[in-house]
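**Q** Below is one structure. I have some questions about it.
The values are calculated or read from the model by the stated rules, or taken from the named source; none is laboratory data. In this text the structure is predicted, and so the values were computed from the model without any measurement. FYI the Cβ positions are ideal-geometry reconstructions off the backbone, even for glycines, and counts take in every protein chain you see. Surface accessibility is based on the protein's heavy atoms, side chains included, excluding ligands, DNA and RNA. Shrake-Rupley method; radii C 1.70, N 1.55, O 1.52, S 1.80 Å.
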Amino acid sequence: MPENLMARHVIGLNWCALGIENVGDGNKFPLTEAQLKANIWLVKYLKKQYASIEYLIGHFEYTSFQNTTLWKESDPNYRTKKNDPGIDFMTKLRKRVKKLNLKGGSWF
């Protein structure tokens, strides 16, 4: 999807988030090393293109933003339980892009 179009990929944050979609779930179908490398490259590319990016979060972390100025979901009942891409994957990804100083994980 082109970077200049808004996607419907994460409840409450669509208006300000760039989504990276991976096939797999972190549990039954774990993400691969090739997917990790692709995500590392893509996160670095996006940060270079959009210096204002502050956060790197997994889909499972989206509800942490509910009481912030970034949250823009008007239906309080519209929530889903997400587990992707998984804590293990996000830990590895954050470690590999640490120099970008992106917030995420335990920042709330």
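**Q** Of the conditions (1) open to solvent by 70 Å² or more (accessible area, probe 1.4 Å); (2) under 20 Å from LYS95 (Cα atoms), ILE53 satisfies every one except a single condition; which number is it?
**A** Condition (1) is where ILE53 drops out.
**Q** Checking the conditions here, which among THR63, THR80 is touching a residue at least 12 places away in the same chain (Cβ under 8 Å) and loosely packed, with under 10 Cβ neighbours inside 10 Å?
**A** The unique qualifying residue is THR80.
**Q** Let me ask something additional. Against the condition open to solvent by 40 Å² or more (accessible area, probe 1.4 Å), in contact with a Cys (Cβ under 6 Å, 6 or more places away or on another chain) and either not in a helix (DSSP H, G or I) or not polar (S, T, N, Q) (or both), how does LEU70 come out, does it pass?
**A** yes
**Q** Looking at segment 9-33, which of its residues are among the polar types (S, T, N, Q) and not in a helix (DSSP H, G or I)?
**A** Hits for segment 9-33 are ASN22, ASN27, THR32.
**Q** Go through the residues of segment 82-99 one by one and say whether even a single one is modelled with pLDDT of 90 or more and under 19 Å from MET6 (Cα atoms).
**A** There is no residue in segment 82-99 that is modelled with pLDDT of 90 or more and under 19 Å from MET6 (Cα atoms).
**Q** For segment 83-101, which residues satisfy the criterion of being surrounded by 13 or more Cβ atoms within 10 Å (Cβ to Cβ) and assigned to a loop (DSSP other than H, G, I, E, B)?
**A** Answer for segment 83-101, where residues must be surrounded by 13 or more Cβ atoms within 10 Å (Cβ to Cβ) and assigned to a loop (DSSP other than H, G, I, E, B): ASP84, PRO85, GLY86, VAL97.
**Q** Are any residues in segment 7-33 within 11 Å of the chain's Cα centre (by Cα) and under 16 Å from VAL43 (Cα atoms), and if so, which ones?
**A** Within segment 7-33, ALA17, LEU18, GLY19, ILE20, GLU21, ASN22 meet the criteria.
**Q** Any idea how many residues of segment 34-60 are touching a residue at least 24 places away in the same chain (Cβ under 8 Å) and either part of a loop (DSSP other than H, G, I, E, B) or over 15 Å from the mean Cα position of the chain (by Cα) (or both)?
**A** Residues flagged as touching a residue at least 24 places away in the same chain (Cβ under 8 Å) and either part of a loop (DSSP other than H, G, I, E, B) or over 15 Å from the mean Cα position of the chain (by Cα) (or both) within segment 34-60 amount to 7.
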